[in-house]
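Each remark here refers to the structure printed beneath this line.
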Amino acid sequence: MSIKLEVKEATKFYTTKSGNLHALDQFSVGIDSGDFVSIVGPSGCGKSTLLWSIAGLHDLTSGEITLDGKKIDGPNDQIGMVFQEANMLPWRSLIKNIEFPFEIKKKAPNTARINELLKRVGLSGFETKYPRELSGGMQQRASIVRALSFDPSVLLMDEPFGALDAFTRDEMNLLVQEIWLETKKTIIFITHNIAEAVFLSSKVFVMSARPGRLANVYEIDYPRPRSIEMLSDPKIIQTINQIRSNIIEQTN
């Protein structure tokens, strides 16, 4: 595989009232085209800072991030992002929320692609519904459609299912796995849920406590498609426990 996205010695300081906050420290990693990687680590280790920097939404203090060999210096149509919250505007219908980024960029929405994605995630027929009429899971499905509507080559997901109940979260994980298997997009997924990371990923990156550094990489080579029931397999439980122990080590 070729390197799709490369993070080179990414370092980030935030200026606060109490002084500089060192969020990332020379974080480096290469992500292959079509790979699915998850990033886990202690709370406050800089996972979201890293993801927002990859998205071009945060500037690094030093280092650089490249996509297909070109430096990322701002938002890029080749990078889609799904946030922790669905961030749907309450006064706009589902379809108008999905089309909102096109309006901002003054581009015509790709109606055929959007309709196909809505069908794919089970939201056909809900286009005129407002956020208050949709469940949390449905809103996050809509946010995935919105992120994919430009047909980006890289999809970033920042703890997108943390607020969902366990059953809905399982459904969403299966959906994301299906989308990845169908599209082979490069996906970078942030989560606190180690089992979720193992279920979804080809690789799991473990970050150190702040300032965030790359502490370890775990290759997840279980066959696909994966079922939720696989998480009760002793080998997978062992992998989950190894990663959990590694994260605990980073806090000591």
Please verify whether the range 114-122 includes one or more residues that are touching a strand residue (DSSP E or B) at 6+ places or on another chain (Cβ under 7 Å), modelled with pLDDT of 95 or more and not aliphatic (A, V, I, L, M).
no
So for the range 82-93 (the condition being in a loop (DSSP other than H, G, I, E, B), open to solvent by less than 20 Å² (accessible area, probe 1.4 Å) and of a type in the set (S, T, N, Q)), does at least one residue qualify?
yes
Name the residues in the range 51-104 that are over 19 Å from the mean Cα position of the chain (by Cα) and modelled with pLDDT under 90, would you?
I104
Mind checking whether some residue in the range 233-248 is open to solvent by less than 60 Å² (accessible area, probe 1.4 Å) and in a loop (DSSP other than H, G, I, E, B)?
no
Have a look at I240, I194, I187 and point out the one that is in contact with a helix residue (DSSP H, G or I) (Cβ under 6 Å, 6 or more places away or on another chain) and under 21 Å from A55 (Cβ atoms).
I187
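Scan the range 153-168 for residues that are of a type outside the set (D, E, K, R) and surrounded by fewer than 19 Cβ atoms within 10 Å (Cβ to Cβ) and report the count.
Selection size over the range 153-168: 6.
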Is there any pair linking a residue in the range 209-236 that is in contact (Cβ under 8 Å) with a residue 40 or more places away in the chain to one that is open to solvent by 90 Å² or more (accessible area, probe 1.4 Å), with Cβ under 7 Å and at least six apart or on different chains, and which?
R213/Q26
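The values are calculated or read from the model by the stated rules, or taken from the named source; none is laboratory data. Here the structure is a predicted model, which means the values were calculated and not measured. So basically every Cβ, Gly included, is an ideal-geometry build from the backbone, and we count neighbours across all protein chains shown. For the accessible areas, the whole protein counts, side chains as well, though only heavy atoms, and no ligand, DNA or RNA atoms are used. Shrake-Rupley method; radii C 1.70, N 1.55, O 1.52, S 1.80 Å.
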